[in-house]
Each structure stands twice: as C-alpha cells, then as structure tokens.
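See below for the structure under consideration.
Laboratory data are not the source of any read-out in this text; all were calculated from the coordinates shown. Worth saying up front: this structure is predicted, and the values here are computed from it rather than measured. Glycine also receives a Cβ, built like all others from the backbone with ideal geometry; neighbour counts cover every protein chain displayed.
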Amino acid sequence: MKYEKISNIAYNLHLIKTDKFKTISVKIMFKRKASESELVYRNMLINILMEANHKYQSSRLLEIESENLYNIRYGAGSSNSGNYDCLHFDTSFLNEKYTEAGMNAKSLEFFFNFIFDPNITNQAFNEETFTLAKNLLTDDIKSFDDSPARYSRKKLFQSMVPKTPVSYNGYGTLEELDKVTPTNLYEYYQDILKRDLIDIFVIGDIDNNQIKSIIKEKFKINTIKKTNGSHFLENKKFKSRFHKIKETKELEQSTLLLGYKLEPLTKFEKMYVSYIYSYILGGSPDSKLFKEVREKNSLCYSISDSIYAVSDLMVISSGINADDANKAIRLVKEQVKKMSRGEFSEEEITQAKVTYLASLKGLEDYPGSILNLYISKEYLDYDLLEDRIKSINKITKEDVVNLAKKIHPDTIFILEGSKKA
Amino acid sequence: MKKSSVNNLDVTIFYEKLANGLEVFLVPKNNVNNIFATYSTKYGSNQNDFVPINQNKMITVPLGIAHFLEHQLFNQEDESDVMKFFSERGTDVNANTNKLKTTYLFGGPDFFEENLEFLLSYVESPYFTEASVEKEKGIIEQEIKMYRDRPFSRLHEGIVYNAFHNHPIKYPIIGNVESIRKITKEDLYTCYNTFYHPANMFLVVTGNIDPDKTLELVKQHEEKRNLNKFKNIKLKTYEEPDSVSKKEEEIELNITIPKVAIAFKINKTNIKKVAKTEIATYLQMIFSLNFGSTSEFAERLKAEEIITSGIDCYPVETDKHVLMVVYTESKQPNEFIKLVKRQVTNLNIAKEDLERRKKSMIASGIYASDSISSINHKIMNEVVKYGKVFTDYVDIIKSYNMDDIKEVLKAIDVNNNTVYIVNPLNRIEK
C-alpha cells in the first residue's frame, strides 16, 4: 500500500495505491464550520446533485447508465464532526482490469459529473430537479422523528448540549426549507466549491497520474482556502447528578438513554483509552452492561455505550419495558461506577486490546475502512495504523480509571412506549 | 477434497462430505487478513411440524423456537462463556436464524484454529435449563417489541402472513410473545436432537485459510463424536392453495408517511419450460425492471408525488410458490396499488434492458468475490435452497433470455394479490 498526498490551494488529494481490491473507491469530502441555518442547504445540495445532472437529466437515466458502467455504485450524505459539517460523495467501481479498457476514466467521469456538471439553467438549478429534491427533503424532515432511537438521541442532545452542532436538527427545518430557491441554492453550490475545505480520497490499483490529471481538469476553481480549525468540542459545565426527561409515545418498546459529559480528553484518550473504556463497559457481548442488564436480569435485547470522542459525550442506550426503567437505570449506574472505582480486571483490558488490534488488522480488508483511517488523520490528526498498534499497547489500568473519572452524569431520556402488546 | 472454481473469478471452493454426513465448504483467500466461518443447520422457522428423532408421531412446536434455540445454544454446561471465549481472541461472534436455516458464526484475523474448534464444540454441546430458558424469554420479548415498532418489519411480516394459508413461511421467524412464553427446555432438546445432526448441517469457511489443514482439524474433531446414524427427518408437507389467504389489511403505527406493499402469488410449478432454480430470479428481474429505479413507472410516480423515493421488490420462495412483493413509502397508498395493478397487466421487458441488467449482474458477482462474507453467504444460501453450490454463475446469467421471460410472464395473475398498508395513527376511519 502506497500513500501520496497532493496539497493544492483548492483541495487535498489523497491517493492510496494497492492491488488488494478489484474495485477503485473514491470519497470526496466538503467541510465547513457547522451552522444550523445552512443544514437545509447542504442537504438540498446532496439531494439535487444526486437526483440528476446536465448529462443525465433524471435519476432513472443515471441508474441506467450505472448499469452500463458495470454496476458502478454511488451515493452521498452529510454528517456532523464536532465543529464541522461534512458532505461526502462516494463511489466504488470495478477496476477496468476486470471489465474493459477505458472504463476507469469513464467511471470517474460519471462520478465527478455529479459534483461538477449539475443540471443548471440560467444560473439556477433546473426547476423539476429542484422540486424532486425538495419533496424528498420535506419527507425526510417530516419523518425524522419516526425512528424512536433517532428521536430520543435528538432530544437527549438538545437537552445536554443545546445550540451546539451535535444538537442541530439533522436535516434542518421546514421553515428554512421554504426559503431555499433554485437560484439561492445554486449560489450556495458555488460557495461550497469556493469556500469549503475539500479532500479527495482514492483507493485501488490506480494510475496516480491519470487521477491527478482528471481532477485537475475538473477543478476550475482556485480559491485559497483557510485551513483547519479544530473539530473538537469541549464541555465546560458539569452536573453532579442526572436530570431526567420522560416522554410518551404510542410504541411497544421504551427507549432508555443515559447521557454523560466528559471533561476535555487528551488526544491519546480520545484515540485509545476511550476505546478500551467503552469496550469493557458496553462495547461487546462480553461487556459489563450486556452481562448485567441483558444476561443476568433479562431486561433488554440490546444495550451498548458509545463515546463521541470528537464532542466529549457518552451515551448508553437500551430498549426495555417501561416498567423496568428504574431498575435498568440503577444497574447501568452501578456498572459505570465500577469503572471509575477501577473494578475491572487487567484481563478485561488485555481483551479490549486484543480486539482493537484484531480490528485494525481486519480493516485492511475493506477499502472504505482504509479511507476512514486517512480521513481521521486529515481531519482529527489521528494516528495511522503503525502508530495505533504501538500506542494501544501502552494503555494501563490507571489510564482507564483516569478517563472514567472525567465522565459526569448529565441527562436521562426515556421515551416510554404506551402501547400494550 | 473436491475442488471447483467459480467461473471468471479467483474463487476456488474445496468441498468434502465427512463420514458422519457433515458437509464442509472451504474457500481460501490469501490476500485478506480475516477469516469468516459459519456453521449451519438446515433448520429454520419453516420446520415447525415434524416427527422428532426416535419417535413416530408428528408434533407441532411453538412458533419462534428455532430462533429461541439459537439464543440458548450460547448457554454452556461447564459455564464456559461463549461470548468471553471469542472476545478474548478479538473475534466477532454472532448467530442468526432465518426461515430455512440457523447459523452460528465468527469472524476475525487471529486464533483461527482455536476459534473453529470452539465453534464446533459449543454448537455441538447443548445445555438448557429451566432457569436459562426463562431468562431468555425476557430478552427475546424485547427483541420482538423492537421489530414490532418498525414499520417496514411489520409491512414485510404482514404481507407474507396474508399471502399464505398453511405454509409456515407465513409466520415471523421470531414467533410472538405468547408462543415463546410456551417454550420449555424439553421442546428445545427435541428440536436440537432432531435437527442438529451433522448430516443435516454444513460448515463454510472463507478467508485467509489453508484448506488442507482446516479440513484436517474439522475431521479430527468430528471423528471424536459418538453419534447415532442419521435418519431422514420427517417433515410435514403443506397443502398450499394458489390463492392468497387474506386480500387486504391495514394497521396503524406511530409514523408520518404510510408504507404500502402489494404481493402477487405465483405457482412456479406451472412454469414448465424454465429451470426451477431460476424462476425467482426471472421474476425479480421482471418486477425490478418494471417498478425499480430504472423504470419509467417509478419516475412518473415520483414526479406525481405518489411515492417519496423509490419502489423496491423481492421474491419470497417456497417449494411451490413465489410471492413477488412490491413495496414503497407513499402518501397515496391506494393510488399506488391501483397503478401497480394496472402496470402488472402490462408487464414487459425490452431486450436491451435484459442485456444491460445481465451485464450488471455479472459485475455484481465480481464485486462480491472481493468479500469473504459475500462468498460465504452465497454458498450458504445455495446449499440450503438447492443442496449444491453453483460455480457457473456467469454462464447462468448469460443464458437468461426473452423466451423464458415470456414463459414466466404467463404465470403472473394480476388478480391473485394481497395488499398491506401501514398507516400513521388515526388514519384509518373507524
């Protein structure tokens, strides 16, 4: 595997050459400081760019062409990464060695056209495409709360860290969507090309020069971009006990979330110690939460914890019967306390390390996982494989207990299911 | 070991049937780090009425028992903890049950031999107690409730339930809260002893392995087992009419936009000129070309705001029937149903569409050959459905033709359908 990074004034290009895969995968990331009012524009852009372009003026024609191109896969989405909002455009296609000569260039052209050749008339997005994209986003906004897990998480974060990017309403709001027009969306599109920080990641058995020249031809804009501010969000105020919120919906299962705030973690803690902590507490079917709440007390089917290292938050989530909520909360609190009292064994730490190392080894089998490594290097300055292997082995029990002591209870959210089975 | 190559791909399948009847499929892939191993029994939620081993009367067991048994097999007599064993080795462990099989699996790059030995051992040593069975009921009850709040789970369960009269494919794999409460440890032993004989099971290992060493390990392990000779399992046969059992049903859930499905039940034994194994694939092609993302139908319905994004379809297969399910999210579910029915009276496929789809299907096979889990799943599915693995997939796809499509089209009866709608709360007028 050979890595080359080309930094340009308008974008960074990351080329990872390996003959391990039959595919070539590309991911283009656009990022800028998150702003709640722009969410709706960014989501509209994804919808409209993926719906049609100048050459293929409907999603039907795009899909037909994707089959002609040996089932090229493509997609896009947006996500939050601490202070930043990221748009990503992805593709994966068969290397021409397995299809026919000339297909690599054709496939890349097809993919780049989503971004660089949109369906534009008179300095505005095509009306029809705009309507389709808007309908889709309207429905997504309206049905955002349908998923009990997604809804509960939104409410939890809105209460814990209001007005921070983590708490923003996923797709934006209908009121804001109403203000978007084909013209101002096109202006926004030009703005992201000019002002968003752009990273292009390519992995596969590629010809670096071919990729470089294709991208050079596509990027006509050469604005100098301000480089990186930090992605990381920090908490300043902490509670000493949980604030509890309960809502009721007509559902069969109840959702229980316990939200914790973390004192600012070091880079080492974010990358490594939080993994070990999380693994022991609720990251595997052999974890404390799984054994205690599910196996011993039979209260749930799923229970797990996640540490959001970029925003220093931790959430423990489970699906339970409404009547069992207090018992489950008590059991979870006990397990979390055990972590800060150091009531876990060296054996459990070793087990977490072995699992971490196995997953590093395993991720080399997947192009997407390798790309993610380089993305976290670029965005968060996280370590690459070799350093990760060295560092994980350095973690001691003391490190884990120190991290545990930085974790403070904040908010419990219960979405109570009122339906009787 | 028998060795066969999948055409056009760098995939070689090593096969051997052991003396005790266990079938072993090994696919070495030495440019990956991971190994993916699956140990399966040809026993799923469809096998609910049978004559237990060493008995002579047909019995019916509670719905959802195959899945319940899957959960309980993680319980071990010597208190060796299955989860702990694999976690200590950085290995992912899991299990799943579908209509036709139950599978126990692990995946990871290290400790392969210990892991494999342990997978075989724990699946081969059942230990159920009253306490362990009772404990599992609470866990599975939550699993059931999780699915019951999901609109698409309810849509898929509902449409299949209403399409069939007698065939047990109609029931959800997981059973229901009442049925699982009835399960006893004796029931579990009855099912285990009947269906977990090596001659009813198979092992598939794909990834960074040496096939000879792997086979040797499995052989040595299996030879140590002392088992009675396998007798064929007597399963109930079902008289399944061609009609659907219920024409329509609507339910309400806490959602914003309705979900709707219509399914057409097709008797595949009426399609004589087409290979039985290919009928479901042909139907899938016909329906997805007419309703999927490349169809003018979907484009029009999206523009008219009848559907929100796309229309999907999939086949559900029994020995006698294929149920073709077409489903979507729609603010006008009744309009959607009307239009699908109209389109089904008019199904057609252009030759160029068929050729393009074939090219895309062959390409999908190449993508899948990079993934040890895709290879493993393909083998499992074919063994369970057809009792063999197809290595000539490219030739099969190339052989798809317009004449066969015409034959399959003849068997579709637009009126033989069932409709299922999941509405938002308070939408149905009472």
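Couple of notes before you dig in:
- Positive-end extreme of charge dipole, region B:93-187 - chosen from B:I144, B:A131, B:L155 (charges on Cβ): B:L155
- Sorted by Cβ density within 10 Å, fewest first, the residues B:D312, B:D395: B:D395, B:D312
- Along each principal axis, Cα extent of region B:359-430, largest first, Å: 55, 34, 26
- Region B:35-57 residues near the modelled B:K17 label - backbone nitrogen below 16 Å, point 7 Å along Cα→Cβ: B:42
- Inter-probe distance in nm under a simple model that places probes 7 Å from Cα toward Cβ, at A:R330 and B:Q76: 3.3
- Rounded if a/c under 1.5, otherwise prolate or oblate - the protein assembly as shown, Cα gyration tensor axes: rounded
- Shown for A:V202, A:V401: other C-beta atoms within 10 Å of each C-beta, ranked fewest to most, produce the order A:V401, A:V202.
- Charge-dipole axis of the protein assembly as shown as Lys and Arg at +1 and Asp and Glu at -1 on Cβ define it, positive-most pick from B:P52, B:F164, A:S37: A:S37
- Given R0 = 22 Å, the distance between the Cβ atoms of A:A124 and A:R195 translates into a calculated FRET efficiency of 0.65.
- For a straight C-alpha distance cut-off of 14 angstrom, the aspartates and glutamates reachable from A:K261 (same-chain residues fewer than eight places away being disregarded) are A:E234, A:D305, A:D312, A:D410.
- For chain A, the relative contact order comes to 22 percent (Cα pairs under 8 Å, sequence separation of at least 6).
- Pairs exceeding 28 Å between alpha-carbon atoms, taken from B:K17/B:K385; A:K236/A:K377; A:K270/A:K327; A:K134/B:K145; B:K99/B:K302; A:K17/A:K218: A:K270/A:K327; A:K134/B:K145; B:K99/B:K302.
- Note, ³J(HN,Hα) from phi for region B:162-172, Karplus 6.51, -1.76, 1.60, rounded to Hz, x at Gly and Pro: 6, 7, 10, 8, 10, 5, x, 4, 5, 8, x
- Top of A:N71, A:N119, A:N326 by mean-square fluctuation, Gaussian network on chain A, Cα under 10 Å: A:N326
- Calculated on C-alpha atoms, the gyration radius of region A:303-401 divided by its Kirkwood radius gives an Rg/Rh of 1.04.
- Charge dipole of region B:238-301 (Cα centre as origin; +1 on each Lys and Arg Cβ, -1 on each Asp and Glu Cβ, all else neutral): 340 debye, rounded to the nearest 20.
- For chain B, the longest principal axis of the Cα atoms and the long axis of helix B:211-223 meet at an angle of about 70 degrees.
- Dipole axis of region A:242-301 (+1 Lys, Arg; -1 Asp, Glu on Cβ), positive-most option in A:T248, A:T266, A:L281: A:T266
- Taking the Cα centre of region B:315-367 as reference, the dipole from Cβ charges on Lys and Arg (+1) and Asp and Glu (-1) amounts to some 160 debye.
- Label-point separation, A:N393 to B:Q55 (7 Å along Cα→Cβ), nm: 5.6
- Extension gain (nm, one decimal) between B:D10 and B:S374, 0.36 nm per residue minus Cα-Cα: 129.6 nm
- Quarter the surface of the alpha carbon convex hull of region B:182-247 and you get the mean projected area, 9.4 square nanometres.
- Stretch gain in nm, segment A:E36-A:H54, where the contour uses 0.36 nm per residue and the Cα spacing is subtracted: 3.5 nm
- Computed over the alpha-carbon atoms, chain A gives an Rg to Rh ratio of 0.99, Rh here being the Kirkwood radius from the mean inverse distance.
- Each residue, A:K179 and B:N267, gets one label point 7 Å from its Cα in the Cβ direction; the gap between the two is 6.3 nm.
- Dipole in debye (nearest 20) - chain A, about Cα centre, beta carbon charges: Lys, Arg +1; Asp, Glu -1: 1400
- Each Cα pair under 8 Å and six or more residues apart adds its sequence gap; the mean of these over the residue count of chain B is a relative contact order of 22 percent.
- Sorted by Cβ density within 10 Å, fewest first, the residues B:L253, A:L380: A:L380, B:L253
- Between A:K237 and B:F152, the C-beta separation translates, for a Förster distance of 35 Å, into a calculated FRET efficiency of about 0.30.
- FRET E, pair B:D395, A:K338, Förster distance 45 Å, beta-carbon r, rounded to 0.05: 0.15
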